Amino acid sequence: MGNCKVGRAFTFQTLSWGFMFFENEYLNPFMNTGALATQIDDFNGDNFDHTGLGFIGGAGIQSLSNQGLPIGMAGLLPQGSPQWGKGWKQAFQKGYQNYAQIQGQGTSFAHREQFLDLDPTYRDRFGQPLLRITFDYNENDRRSGRFIRDKCVEIAREMGAAQVGGDSFAERPYSGYTPWDSSHVQGGVVMGEDPRTSVQNRFQQNWDVPNLFVIGASSFPNNAGYNPTVAVGATTLWTAKAITDLYLKNPGPLVRL
Ligand SMILES: Cc1cc2nc3c(=O)[nH]c(=O)nc-3n(C[C@H](O)[C@H](O)[C@H](O)COP(=O)(O)OP(=O)(O)OC[C@H]3O[C@@H](n4cnc5c(N)ncnc54)[C@H](O)[C@@H]3O)c2cc1C
């Protein structure tokens, strides 16, 4: 019965952000490292009062200093900047040095309209059906995305930037992976306590086939507003320990209902 649930609970991540151009701060964005960021969790998960907001969850809000790509940032110009020629070069030089972003990496909860299945049309070179992703941001994502975007903009204004704006991916239909979209996907083989709604038990062991363990972000039933990899490492170690300490000594289901 558990295997009927394969493909269920595919989740993504709801990215929202505020951006700002300072007047003369000269932030030297080329001085950075890949994961250099500061994050507040005040508006993530259950950390704040959701009364009247109409959604659950939220986002970790980060100020990032993780890239200074000269070409990648060429499109980021203060409003009203010339679009070509000498004026564009001057605006880009100044904008590059004075641009900063605050981003919310938001929760994404399972929804019946978000799932994985086998594509009825497209096949790989071995004739096997390709994996098909059916996904769009749901109403909860859209509401939380707008809320987090507005928080990012509020913080940006408080920081005294000359120009402030904001946006959220949840404001538009999902159009597939783009460089600015999140790369954090979860679900499809989720673990849980009930074989009617999950594929695997909490040891990432298939409910029906005890010698099958599927590890990784595919077993997460949702995105909790954090990056997945550390939790992937932790749950993998948890499963490895269960296999060596429990399963190998007594092969069979590790959770009996
Ligand atoms: C550009 C980018 C940036 C990211 N940045 C971050 C970050 O900063 N922090 C963070 O926490 N997460 C980040 N992530 C997300 C993170 O990489 C994933 O959440 C994580 O790798 C998921 O681990 P996994 O084991 O579930 O899947 P994967 O790491 O995708 O592992 C699946 C493995 O299965 C292999 N495989 C697939 N099909 C088969 C097959 N048929 N037979 C055998 N092997 C197969 C693949 O080759 C792959 O090695 C980022 C992802 C991307 C793409």
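The values are calculated or read from the model by the stated rules, or taken from the named source; none is laboratory data. Please read these numbers as outputs of a predicted model, since none were measured by experiment. Glycine gets a Cβ as well: all are built from the backbone with ideal geometry, and neighbour counts include every protein chain shown. The accessibility values were calculated without ligands, DNA or RNA, using every heavy atom of the protein model including side chains. Shrake-Rupley method; radii C 1.70, N 1.55, O 1.52, S 1.80 Å.
Here the Kirkwood formula, the inverse mean of 1/r across different C-alpha pairs, assigns the range 1-87 a hydrodynamic radius of 17.4 Å. Within straight-line reach of Lys86, meaning a Cα separation under 20 Å, sit the following lysines at least 8 residues removed in sequence or on another chain: Lys94.
Accessible surface ranking for Ile243, Ile71, Ile148, 1.4 angstrom probe, highest first: Ile71, Ile243, Ile148. Coupling constants for the range 55-69 follow from the phi torsions by the Karplus curve (6.51 cos²θ - 1.76 cosθ + 1.60, θ = phi - 60°), and in residue order they are 8, 10, x, x, 7, x, 9, 10, 9, 10, 9, 10, 6, x, 5 Hz; glycine and proline get x.
Quick check on the chain: of the DSSP beta bridges with both residues there, what percent are antiparallel, nearest 5%? Of the beta bridges lying entirely in the chain, close to 95 percent run antiparallel.
For the chain, the Cβ-based charge dipole about the Cα centre amounts to some 600 debye (Lys, Arg positive; Asp, Glu negative; other atoms uncharged). Sorting the segments 247-255, 224-232 by their residues' average number of neighbouring beta-carbon atoms within 10 angstrom, most packed first, yields 224-232, 247-255. Our note on the geometry: Cα centres of the range 103-117 and the range 144-213, 5 Å apart. From the square roots a ≥ b ≥ c of the eigenvalues of the alpha-carbon gyration tensor of the range 151-251, which class results: rounded (a/c under 1.5), prolate (a/b over b/c), or oblate? It comes out prolate by the Cα gyration axes.
With a ≥ b ≥ c taken as the square roots of the eigenvalues of the C-alpha gyration tensor of the range 27-146, please select rounded if a/c is under 1.5 and otherwise prolate if a/b is larger than b/c or oblate if it is not? Because a/c hits 1.5 or more and a/b fails to exceed b/c, the range 27-146 counts as oblate.
Shown here: the chain, whose C-alpha atoms stretch 71, 47, 36 Å along the first, second and third principal axes, sorted largest to smallest.
For the range 15-171, the relative contact order works out to 37 percent when only alpha carbon pairs closer than 8 Å and six or more residues apart are counted. The alpha-carbon of Lys241 sits under 30 angstrom from the alpha-carbons of these lysines, leaving out residues fewer than 8 places away in its chain: Lys5, Lys249. Excluding same-chain neighbours fewer than eight residues apart, the aspartates and glutamates reachable from Lys89 by a Cα-Cα span under 19 Å are Glu23, Glu25.
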